[in-house]
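Scroll down for the structure; my scribbles are underneath it.
We did not get these values from a lab; they are worked out from the coordinates using the rules stated. Since this is a predicted model, take the numbers as computed values, not measurements. Here the Cβ positions follow ideal geometry from the backbone for every residue, glycine too, while neighbour counts run over all protein chains shown.
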Amino acid sequence: MDEQKIWAHSGDSHFIEPEDLFNQILPPALAKRMPWSEKVSDHEEIVHIDGKEFRRPLPKIATKKINGVSMSELSSRPPGARDIRARLADLDQEGIWAEVVYSSLGMWDQNLTDVALVKAAAAAQNEWRIKEVQGVAPDRLIAVAALPLLDVEASVQEAKHAAELGFKAIGMPAPGLPNSSTYNHSITPLNDDAWEPLWAFMEEAGLVAAFHIGGDAGEHTVYRGPGGAVLNYTNSTFSGQRAAMLMVASGALDRHPDLKVLISEAGATWVPFLGERMNEGYRQHGMFVRPTLSRSPKEILFDQVYASFQHEDIAIAAMMHMGYDKVMFGSDYPHLEGTYGHTQKTLHELVDDAPADVRYRVTQGAFKELFPHVSDPPAS
């Protein structure tokens, strides 16, 4: 294996908010209604969201190893998970230069149902994130802005606020199934034309629509019993595919050809399959199709939807043999399923045998198309 250090940009990472963040940035009456987590046993936590509770399992620490690293080591949070300044040392060690940075508890905001609360929370979180996350290294860290998704017009106004602050990416909900008991029906569906003013502004401002999988709380524990851990983990990826389908089939991306979408942590090889499947539906059921698109669904997906992956070696094949080149690496720092502690090993296994242009595209090139302002990593 080539021992030369591979520098990569990451299309997926997270920060863990200070435990008292909402008390710092919101009035007490609002802060106590925001998401917070409570560990109730070694294997379970409860996420509290404005009077509602969502139980979810915690990883069981075993003696086995993953990629030569013990699970007990992987489960321990590196210092940079909460300390953004310490994070840069972790990134340098791992060979990650620039990265998209999602929140952690903030990703549960889409389960809120009070308009006044989400408006205040989004504005306050964005003021904090632009200073305390992106502001630490604006040429390397791409913080994802929050929107008050319960109100379309308020979302447009907050997107304008975010652009003025200097954000480059706007967080959007990766939707669960509408018939799920935890689906938030207070949020206008992504394929509704009501979102048109937001898409138009984001296209004009060059803001990336960033979707992270697993936003619907119900998707974390759909299955129980044998195989549950694998089934739930796999199931969570489908929300990213639904987001892409909704943006394409609704005509939103066709009407706004310069609007770019990032689907984080869902893998990448689903895009060619989904393109073929949508093409088939569009062609074979044309009498039911609304709206009419100027390009095929697959063309739109391939042109405007970017996908990040961690360990998926067949993502390289998707680029080389299926014509889909919007593929980018994502470390998912600092999560258990990410590559922290073995990023260089993972990168070498992924791209050492790939042609130079493919190697660059996966590690840096696709990312730079979305965020051209980021600086270049050191020479290897």
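The table that follows gives values for the structure above.
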{"read-out": "Cα centroid separation, segment 285-316 to segment 73-121 (Å)", "value": "28"}
{"read-out": "Modelled FRET efficiency - R0 25 Å, Lys5 with Glu132, Cβ distances, 0.05 increments", "value": "0.30"}
{"read-out": "Antiparallel bridges, percent of DSSP beta bridges restricted to the chain (to nearest 5)", "value": "35"}
{"read-out": "Total charge dipole magnitude, the chain, about the Cα centre, Cβ charges on Lys, Arg, Asp, Glu only, Debye to nearest 20", "value": "480"}
{"read-out": "Cα-centred dipole magnitude for segment 217-290, charges only on beta-carbon of K, R (+1) and D, E (-1), debye, nearest 20", "value": "160"}
{"read-out": "Amide H partners (placed H, <5 Å) of Tyr333, local residues excluded", "value": "His14, Thr339"}
{"read-out": "Structure-based [θ]222 nm, the chain - -39500 (n - 2.57) summed over DSSP H runs of at least 4, per residue, nearest 500", "value": "-10500 deg cm²/dmol"}
{"read-out": "Size of electric dipole in segment 78-204: Cβ of Lys, Arg +1 and of Asp, Glu -1, about Cα centre, debye, nearest 20", "value": "400"}
{"read-out": "Modelled label reach - Asn23, point 7 Å along Cα→Cβ, segment 96-138 residues with backbone N closer than 12 Å", "value": "none"}
{"read-out": "Summed side-chain charge close to Glu19 - residues other than Glu19 whose Cβ falls under 14 Å, Lys, Arg +1, Asp, Glu -1", "value": "-1"}
{"read-out": "Table column - 3J(HN,Hα) (Hz), segment 318-328, Karplus curve with 6.51, -1.76, 1.60, x for Gly and Pro", "value": "4, 6, 6, 10, 10, x, 9, 10, 8, 9, 9"}
{"read-out": "Three-way shape label, segment 244-314, alpha-carbon gyration tensor, a/c 1.5", "value": "oblate"}
